[in-house]
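Each remark here refers to the structure printed beneath this line.
The values are calculated or read from the model by the stated rules, or taken from the named source; none is laboratory data. Computed from a prediction, not measured in an experiment: that's the story for all the values here. Positions of Cβ are backbone-derived with ideal geometry, glycine not excepted, and every protein chain shown enters the neighbour counts.
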Amino acid sequence: MALRMIDHGTKEYQQMVNLRNEILRKPLGLYFSADELEREKDDILMGAFEDDRLLGCCLLTRMEDGTIRLRQMAVPNNMQGKGVGRALMIFAENIARDLSYKKLCMHARKTATGFYEKLGYTIAGDEFEEVTLPHYIMEKAL
């Protein structure tokens, strides 16, 4: 498995959009708008690949005060539990550290909090609803 950056607008980026759509949006009856995808030009896009096949992806959005936000973590159901998500998280954390960020935060789906807790993230606040599902803000000092 190779972890690498993805450039906005490339065929790898289109694979990333397709994967996120299948895993995160379509099951909720939601789809990406052109504006949402356009705003990702300023994000740090990354993926886990086996040859040219995308195994998982996520992105980082720059915030202020030394914080960066993880978004859109997606790993196909048949690849979950095989270390793809964990490898992506470590990769994302290392990139954030290299860019001098001090904290990584996210809006984690309630069903995924256990995964993030195993990686050292803690819940910071009350449950809230986003994209029709319960979420928690989670964070970790880098």
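There is at least one residue in segment 71-78 that is over 11 Å from the mean Cα position of the chain (by Cα), within 24 Å of VAL131 (Cβ to Cβ), of a type in the set (S, T, N, Q) and not in a strand (DSSP E or B). Restricted to segment 6-29, and to residues there that are hydrophobic (A, V, I, L, M, F, W, C) and over 15 Å from LEU55 (Cβ atoms), the residue that is modelled with the highest pLDDT is VAL17. Residues in segment 80-136 that are small (Gly, Ala, Ser), exposed (fewer than 13 other Cβ atoms within 10 Å of the Cβ) and out of contact with any strand residue (DSSP E or B) (no Cβ under 6 Å at 6 or more places or on another chain): GLY81, SER100, GLY114.
Yes or no: LEU54 modelled with pLDDT of 95 or more and aliphatic (A, V, I, L, M)? Yes: the conditions hold for LEU54. If the condition is being more than 29 Å from SER100 (Cα to Cα), part of a strand (DSSP E or B) and in contact (Cβ under 8 Å) with a residue 40 or more places away in the chain, then segment 124-142 contributes only LEU133.
Looking across MET89, MET106, MET73, one residue alone is within 20 Å of HIS8 (Cβ to Cβ) and touching a residue at least 12 places away in the same chain (Cβ under 8 Å). It is MET73.
For segment 1-13, give me each residue that is surrounded by fewer than 13 Cβ atoms within 10 Å (Cβ to Cβ) and either part of a helix (DSSP H, G or I) or within 17 Å of the chain's Cα centre (by Cα) (or both). Of everything in segment 1-13, those that are surrounded by fewer than 13 Cβ atoms within 10 Å (Cβ to Cβ) and either part of a helix (DSSP H, G or I) or within 17 Å of the chain's Cα centre (by Cα) (or both) turn out to be ALA2, ARG4, MET5, ASP7, LYS11. Looking at segment 35-44, is at least one residue in a strand (DSSP E or B), of a type in the set (A, V, I, L, M, F, W, C) and within 14 Å of the chain's Cα centre (by Cα)? So far as segment 35-44 goes, yes, one or more of its residues are in a strand (DSSP E or B), of a type in the set (A, V, I, L, M, F, W, C) and within 14 Å of the chain's Cα centre (by Cα).
On the basis of being small (Gly, Ala, Ser), at pLDDT below 95, closer than 21 Å to ILE23 by Cα and not in a strand (DSSP E or B), does GLY81 make the cut? For GLY81, the condition - small (Gly, Ala, Ser), at pLDDT below 95, closer than 21 Å to ILE23 by Cα and not in a strand (DSSP E or B) - is met.
Taken together, the residues in segment 23-34 that are of a type in the set (Gly, Ala, Ser) and outside any loop (DSSP other than H, G, I, E, B) amount to 1.
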